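The values are calculated or read from the model by the stated rules, or taken from the named source; none is laboratory data. Computed from a predicted model, the values in this text were never measured in an experiment. Positions of Cβ are backbone-derived with ideal geometry, glycine not excepted, and every protein chain shown enters the neighbour counts. For accessibility, only protein heavy atoms count, side chains too; no ligands or nucleic acids. Shrake-Rupley method; radii C 1.70, N 1.55, O 1.52, S 1.80 Å.
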Amino acid sequence: QVQLVESGGGLVQAGGSLRLSCAASGRTFSSYTMGWFRQAPGREREFVASIVWRGGSTYYTDSVKGRFTASRDNAKSTMYLQMNSLKPEDTAVYYCAARSGNYHVTRVSDFDYWGQGTQVTVSS
């Protein structure tokens, strides 16, 4: 049973930074792709970033390129999302997700496992 637990959300001023963590358990994730998604009130859940566990290849949605960085720590089975230069429009609940396979995908339906989410609020 795959379990994903996010942490690190909070309230930050525009221009600030946060680092989200996603602790993964229940599998050996070397053949998994991990993703970050977010959902703002009244909006659909949207793709933010993904990382292929084997090799660490990353992929980002255009709106966060150059500001967000996804990474993983093999020893801790933990994925991170470093978020810099935060904007009010980044405010959302952020979710981590996992799926078997070593390639990038971006649809919600492509991922099989989800965390409970962590709130990120960016004030102007």
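Counting other Cβ atoms within 10 Å of each Cβ, which GluC sites (Glu not before Pro) in region 31-113 have at most 13 and sit in a DSSP loop? Here the GluC sites (Glu not before Pro) that fit, given the DSSP loop and packing criteria, are E44. Here the chain exposes an accessible surface that is 44 percent carbon and sulfur, computed with a 1.4 Å probe and the other protein chains kept in place. One quarter of the convex hull surface built on the alpha carbon atoms of region 5-44 amounts to 4.4 nm², the projected area averaged over directions. Near the amide H of G101, within less than 5 Å, lie the amide hydrogens of Y32, T33, all on another chain or at least 5 residues away, with H placed in the peptide plane. With protein chains left intact and a 1.4 Å probe, residues in the chain average 50 Å² of accessible area per residue.
Taken over the Cα atoms of the chain, the convex hull encloses 91 Å³ per residue. In sequence order, region 7-13 has phi-based couplings of 7, x, x, x, 9, 9, 7 Hz under the Karplus curve 6.51 cos²θ - 1.76 cosθ + 1.60, θ = phi - 60°, and Gly or Pro positions carry x.
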